Amino acid sequence: MNARSQIFELTMEGRQVDEAVASLFHTILFHRSVGKFTYDGSNYSVGTIGYTDVDCDFIDLTYVCCTSSRLDRTIKKEISCFSELLRGNEGTGMGQISLEFFQKKPSRWLFQSECIPWEVWTVRLELISLSNEDERQVCREKVGEILTDKILYITEVMNRHDYVPKVPNQSELEHIFDTSYHDIQPYLFRLHYSLSGPSSGTSVGSAMKKLIKETLSL
Amino acid sequence: MRLFIMAMKLTAQEKKELEKFTKFLILKSAQVIVNSRLGYKISTQCKSASDWFNIAVPDLPEVLADAKKALSDEVALARLPLCVEISLRTTEGDVMVLEQWCLGILPETYEYSGPFIQTVYNRMGVLLKSLVSVTRVTPAYKLSRRQGEDTYVLLYRIYVGEPMLHVLGDGYKVLRVGQLCTPIGTMHLTVSYRTKMTISPTTAGKDNSIMLKSDHFNTNLSPRHVRNKQNEDKNAVNDGMKIGAFACRKREYKPEFILPEVPLSNLLPKRKEENCEENDLINDELEHSKTSTIKDDRNGNSPSESLITSNNTTTTVSTSDDFIMKTPFASRNANTELGMFYREWQSAPPLQTFTHIPTLAEQVQDLAKQLESFESDMNKYDDMLLTLCQSPNNN
């Protein structure tokens, strides 16, 4: 099964990265979380999700996230590591971070359980440096407008009639949902990030293509 | 018709459930929209107990009552489309509609199989979450956070019917928050919002045309022109300028106030001194100005000048024009630092010629020198004359 993939390409100042990525990922997770399941025999009840408004400091934007301090910590920690790497001296100022939703395939005999992604949200970032406060103010508003468009796009995707794993039996609940949170129950997700050089990825690829073409033409 | 056919396929229980879900979607949507425009950040807590659509939406009793009133205890599905209008009201009473949130239903159906009720319920939950997210990113959200009793407040109104889009002005935008398919049609939630945030003044009067004066730029009516004219024309002065409430209208001039014959006085602006007999306060001021100007010029050739200044006790910071006003409670002493400063800059600096007058002996000596130089240069002048006369094209 191919996972649905959404890619956002953004350009901003280094200090805006944490908030920009958090605003998008929290909006997605707000839609991709359900109330905590409580089982009573074969029946279960679904809890209620609280939500919190978050004002950004470096972007003209307010977004909504689940009221779950643990979820917030988990997300912020990963984003912060990525941001530090991206903004560090060794970085090229370009990189990407992904939020991947997956389901576990039950383990068979000796094999370990397999993780199958079903939806991936990727944010590609390119950093810019601004020289004065006027430019920063413009950038603050501009990034806010761009993120607004992205949030609207996220809600559009969420309301499509796309595939979402079915709610399983209690025994298989952990294959679909992350049950470790006490207040909410998000679909299983993970974050991963990478930095990219200005042309490192493409140069290898193009060299390979060239090699194959040359081989074939002979 | 198609709605009816599809609805007929539903069981009574399914219809009842769908009706109930729709009703609560309307109630909760209204709460989410109004809550987001209260002007402060919202934070609700997660809980293990179930709530509608598994989202903790704060319930405002007023909004609940208004929404229920709009539904008027009828079948919720029959009341669609239902709108929530957000408007802005200034302290002056001007009102501007900002947004129209609308929950409607379109007769588009889909082939459903199996139990759909749970799916519809879950999708309504997703739609409500999308509504929570979208309410924070439309322009009215930022306006709502800045509202206050002394500037403007946001208002809401819930009504049944198609959204009134004409009140949003030109260039309004429409966003689809989301939609969900049900056996009786596609439910959709949209927001239409204003993009031009200018309040046009309410048309109170019938004639709103701006009053124009055709002689607005007529130089004959400019204040400067009038003022100059007043200086020249005594009648204009008397008619146009008012005398202060407690000012002394009559003033006897002492002989010392009458200006003596001052050398080079013809260079100074002429005043109509003969009119001073009327002792008008304004003319009085003008005369004082004149004395002050003379003093400032520091000609040094007038023996009576010191007398004038020493006796001129009533004169304060009088000047040659009416620019500097006498400030109440200010020092009567004209020689304050500020007064000195003004006087120094209000007129051209004195000419060196007047500050250093050579004595007669010096002047004679100077003349002798000049004559000598002229005599010595006589040859040069003769040569020049000759060249001029001999020039071929002498016209």
Exactly one of B:Lys16, B:Lys47 is more than 25 Å from A:Ser33 (Cβ to Cβ), surrounded by fewer than 20 Cβ atoms within 10 Å (Cβ to Cβ) and not acidic (Asp, Glu), and that one is B:Lys16
Here the qualifying pairs (Cβ atoms under 9 Å; residues six or more apart or on different chains; first in the stretch A:167-178 and within 9 Å of A:Lys104 (Cα to Cα); second of a type in the set (Val, Ile, Thr)) come out as A:Ile176/A:Val167
Taking the stretch A:171-218 and keeping residues at pLDDT below 55, in a helix (DSSP H, G or I) and of a type in the set (Gly, Ala, Ser) leaves A:Ser200, A:Gly201, A:Ser203, A:Gly205, A:Ser206, A:Ala207, A:Ser217
Filter the stretch A:53-72 for residues that are more than 10 Å from chain B (Cβ to nearest Cβ) and open to solvent by 20 Å² or more (accessible area, probe 1.4 Å); the one that is farthest from A:Gln185 (Cα to Cα) is A:Phe58
Scanning the stretch A:42-91 for residues that are assigned to a strand (DSSP E or B) and touching a residue at least 12 places away in the same chain (Cβ under 8 Å) gives A:Tyr44, A:Val46, A:Thr48, A:Ile49, A:Tyr51, A:Thr52, A:Val54, A:Tyr63, A:Val64, A:Cys65, A:Cys66
Of the residues in the stretch B:111-139, those that are open to solvent by less than 10 Å² (accessible area, probe 1.4 Å) and not in a loop (DSSP other than H, G, I, E, B) come to B:Val120, B:Met124, B:Gly125, B:Leu127, B:Leu128, B:Ser130, B:Leu131, B:Val132, B:Ser133, B:Val134, B:Thr135
For B:Trp52, the lone unmet condition from (1) of a type in the set (Phe, Trp, Tyr); (2) modelled with pLDDT under 90; (3) surrounded by 15 or more Cβ atoms within 10 Å (Cβ to Cβ) is (2)
All conditions in (1) more than 14 Å from chain B (Cβ to nearest Cβ); (2) over 25 Å from A:Lys150 (Cβ atoms); (3) open to solvent by less than 10 Å² (accessible area, probe 1.4 Å) are true of A:Phe82 except (2)
B:Leu64 in contact with a helix residue (DSSP H, G or I) (Cβ under 8 Å, 6 or more places away or on another chain), more than 14 Å from chain A (Cβ to nearest Cβ) and surrounded by fewer than 20 Cβ atoms within 10 Å (Cβ to Cβ)
yes
Of the residues in the stretch A:73-91, those that are of a type outside the set (D, E, K, R) and over 26 Å from A:Tyr187 (Cβ atoms) come to A:Leu85, A:Leu86, A:Gly88, A:Asn89, A:Gly91
State whether one or more residues within the stretch A:18-29 are more than 14 Å from chain B (Cβ to nearest Cβ) and hydrophobic (A, V, I, L, M, F, W, C).
-> yes
_Tell me whether the stretch A:95-107 contains one or more residues that are open to solvent by 70 Å² or more (accessible area, probe 1.4 Å) and either of a type in the set (A, V, I, L, M) or without any contact (Cβ under 8 Å) to a residue 24 or more places away in the chain (or both)._
yes
Filter the stretch B:140-181 for residues that are open to solvent by 50 Å² or more (accessible area, probe 1.4 Å) and in a helix (DSSP H, G or I); the one that is nearest to B:Arg79 (Cα to Cα) is B:His166
The lone condition A:Arg32 fails out of (1) within 10 Å of another protein chain (Cβ to nearest Cβ); (2) open to solvent by 40 Å² or more (accessible area, probe 1.4 Å); (3) basic (Lys, Arg) is (2)
B:Pro107: passes all of (1) at pLDDT 90 or above; (2) more than 13 Å from chain A (Cβ to nearest Cβ); (3) farther than 27 Å from B:Thr198 by Cα but (1)
Filter the stretch A:139-170 for residues that are more than 10 Å from chain B (Cβ to nearest Cβ) and assigned to a loop (DSSP other than H, G, I, E, B); the one that is least open to solvent (accessible area, probe 1.4 Å) is A:Pro165
Exception for B:Val57 within (1) hydrophobic (A, V, I, L, M, F, W, C); (2) within 14 Å of chain A (Cβ to nearest Cβ); (3) over 18 Å from B:Leu127 (Cβ atoms) falls at (3)
Of the candidates A:Ser113, A:Ser129, A:Ser98, the one satisfying the condition of being out of contact with any Ser or Thr (no Cβ under 9 Å at 6 or more places or on another chain) and more than 14 Å from chain B (Cβ to nearest Cβ) is A:Ser129
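The values are calculated or read from the model by the stated rules, or taken from the named source; none is laboratory data. Quantities reported herein were computed from a predicted structural model and do not represent experimental measurements. Methodologically, a virtual Cβ is constructed for each residue, glycine included, from the backbone with ideal geometry; neighbour enumeration extends over all protein chains shown. With ligands, DNA and RNA removed, areas are computed over all heavy atoms of the protein, side chains included. Shrake-Rupley method; radii C 1.70, N 1.55, O 1.52, S 1.80 Å.
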